[in-house]
1. Taking the simple approach of a point 7 Å from Cα along Cα-to-Cβ for both Ala299 and Ala250, what is their distance in nm?
2. When the Karplus curve 6.51 cos²θ - 1.76 cosθ + 1.60 is applied with θ = phi - 60°, which whole-Hz ³J(HN,Hα) does each residue of segment 307-315 get, with x for Gly and Pro?
3. Three principal axis extents, largest first, for the C-alpha atoms of the chain, in Å?
4. Round to the nearest 10 and give me the degree value, 0 to 90, for the angle of helix 3-21's Cα axis relative to the longest principal axis of the chain.
5. Once amide H atoms are placed 1.01 Å from N in the peptide plane, what residues at a sequence separation of 5 or more from Val203, or on another chain, have their amide H within under 5 Å of its amide H?
6. Could you calculate the contour length gain from Val188 to Arg52, that is, 0.36 nm times the residue separation minus the distance between their Cα atoms, to one decimal place in nm?
7. Please tell me which of these pairs span more than 31 angstrom C-alpha to C-alpha: Lys72/Lys241; Lys72/Lys158; Lys118/Lys199; Lys45/Lys166; Lys28/Lys166?
8. Among Asn274, Ser30, Met251, flag the residue with its Cα farthest along the positive direction of the charge dipole of the chain, charges on Cβ as +1 for Lys/Arg and -1 for Asp/Glu.
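Every number in this text was worked out from the coordinates using simple rules, so none of it is lab data. Keep in mind the model is a prediction, meaning the values are calculated, not measured. Neighbour counts run over all protein chains shown; Cβ positions are idealised from the backbone, glycine included.
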Amino acid sequence: MTLRSLLVFVLSMCVLGTAQAADPIVVKFSHVVAPNTPKGMGALKFKELAERYSEGALRVEVYPNSTLYKDKEEMEALQLGAVQIIAPSLAKFGPLGLRVFEAFDLPYIFDSYAELHKVTGGALGARMLESLEPRGITGLAFWDNGFKSFSANASIHKPGDLRGKKMRIQSSKVLDGQMRALGAFPQVTAFDEVYPALKAGVVDGTENPHSNFYTQRMHEVQSHMVITDHGYLGYAVITNKKFWDGLPGAMREVLARAMREATEYTNQIAKAENDKALDAIKAAGTTQVYVPTREERLAFKKALMPVHKAMAPRIGKALIEAIYEETGFDPDAL
């Protein structure tokens, strides 16, 4: 090779290297909630960590508030490879035939974050995420939002107060059964459509963690809320399996590390963010917040526990009992 040829070759490699450095791997992370919710903040933390640890070789684009894909669209978009990461609520997996995730929708199956994390952070939760693989999905983590309260435009002190009311739910057979156990009429409504549905009176009430309730301005159109902590709302952070498996090993390790740390961060702030949102709801003065007595809370629990037995054939009795064993819950002790 002549000196001229060698110089041309070296220059070509430099140009190629510069082009490669200027073209980072783009990871689109789409979700349907506000940036100042636990999930929204977790997504931004993941972006920060992934870009820092990859030294610019990865670029994470976060699309909150359904700006890229709406609630009904994001799962299909992920499977088609149009987006790389989403964090749907756990109720979204039942319609895919993955009924094990519907266990998280069972009312009062977890009494605390500590009980919950024994499942999501343990072998049982890992097996649930692995069940996504045949659907072309790789499960990365479980993220908390929080425990739910009921709201409506009428006072709610006891289970019977929800009788006859049209209550918004996610598409979930378990949540459908939950509302029917209270004598309410479940209404499946996409998350981005809940506020206008409440405002127009298409639905009478809903159930949400406080951060969702406040950031989506539901406190403007709901006069009453009762702090029942009756159910858990969480997310599975998932990615397109083909995308994940096709990443260079070093980049996959970077993303996995960023996800681990973002998960720890998200799950640490979830309760604090919901407590802060509840304070903001009270301060707004548009929603009367009621804290039930011990006896009233027990009445809600007794009214909803039959849902566990009714859904056992659908979800799997063995799985429900495994969760009981993991958390130390005894349904017969009520």
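1. 6.4
2. So the Karplus estimates, Gly and Pro as x, are 4, 4, 5, 5, 8, 4, x, 7, 7 Hz.
3. 90, 44, 30
4. 10
5. Leu198
6. Length gained, Val188 through Arg52: 44.9 nm.
7. Values: Lys72/Lys241 20 Å; Lys72/Lys158 33 Å; Lys118/Lys199 39 Å; Lys45/Lys166 37 Å; Lys28/Lys166 36 Å.
With Cα atoms farther than 31 Å apart: Lys72/Lys158; Lys118/Lys199; Lys45/Lys166; Lys28/Lys166.
8. Toward the positive end, the furthest listed residue is Ser30.
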